[in-house]
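The values are calculated or read from the model by the stated rules, or taken from the named source; none is laboratory data. Every value quoted in this text rests on a predicted model; they were computed, and no experiment measured them. All Cβ positions, even for glycine, are placed from backbone atoms using ideal geometry, and neighbour counts span all protein chains on display. Only protein heavy atoms, including side chains, enter the accessible area calculation; ligands, DNA and RNA are left aside. Shrake-Rupley method; radii C 1.70, N 1.55, O 1.52, S 1.80 Å.
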Amino acid sequence: MRYKIKDIPADGLLVQEELARSLLADSLEGTDADLDATTANVRVELTKDRDDNVFARGDLKALVTMPCASCLGPALVKIATPIRMSFVAAADDHRDDDDDRDAGSPDPLDDDEVTSHDGETIDLGAVIRETLILSVPMSPHCRENCLGLCATCGQNKNERDCGHKPPALEDARLAALKNIKLPETP
């Protein structure tokens with residue numbers, strides 16, 4: 001998703017597209033996401049100022065199907081996250097003179113992320129990839145009250161109660177306290 005800076009019109013360029021499967025696969029690598037059941041699209045407006053600083057404003061929306069962290073069943077994860085990125089000319093990374101910035105142009109330092117561009121193109125794919133990676137939860141769940149798998153037999157407790165109770169978790173350091181007899185109260 002590379003865009004030539006010179007091709008961005010003065011009134012901006014609206015980018016609306018579904019993410020390519022290769023970008024999804026790269027972004028979701030290691031999550032065991034079901035790519036056939038996953039969709040994602042991006043809507044971003046690209047604008048630029050007279051110094052060829054490019055500003056990306058929009059959002060990323062995705063429905064990612066991945067295994068539930070508790071029961072291993074399919075979990076549908078809804079992602080809706082904003083994209084706010086500034087691409088500044090490599091020599092302007094740390095400019096101190098804000099006086100010659102276009103009136104009405106966003107301040108690159110107000111953005112969540114600021115990166116440099118090569119003077120000719122910006123790579124929106126890298127921004128979208130990173131945004132998607134950071135938006136995927138570490139422990140997705142199929143539902144809020146997922147019961148998980150039985151520790152004894154492995155049965156999905158959301159489907160059927162196998163009757164096994166969770167093993168009692170006893171702290172060995174407190175075992176000696178069980179033998180203490182409390183005084184009887186009258």
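Couple of notes before you dig in:
- Counting only DSSP beta bridges with both residues in the chain, the antiparallel share comes to about 85 percent.
- Accessible carbon and sulfur surface of the chain relative to its total accessible area, %, 1.4 Å: 49 percent
- Ellipticity estimate at 222 nm from DSSP helix runs (n ≥ 4, -39,500 (n - 2.57)) divided over the chain, nearest 500: -3000 deg cm²/dmol
- In plain terms, the chain from Leu63 to Cys162 could stretch by 32.4 nm, reckoned as 0.36 nm per residue minus the Cα-Cα distance.
- Relative to the dominant Cα principal axis of the chain, helix 124-135 is inclined by about 20°.
- Anchor Lys165: lysines whose Cα lies under 17 Å away (excluding residues fewer than 8 positions away in-chain): Lys157
- Normalised alpha carbon radius of gyration of the chain [divisor 2.2 N^0.38 Å]: 1.62
- Electrostatic tally near Pro74: other residues with Cβ closer than 15 Å to its Cβ, Lys and Arg +1, Asp and Glu -1, net -2.
- Summing charges over neighbours of Leu19, with a neighbour being any other residue whose Cβ is under 12 Å away from its Cβ, gives +1 when K and R count +1 and D and E count -1.
- For segment 75-82, the Karplus equation 6.51 cos²θ - 1.76 cosθ + 1.60, evaluated at θ = phi - 60°, returns couplings of 10, 9, 9, 9, 10, 9, 9, x Hz by residue, with Gly and Pro reported as x.
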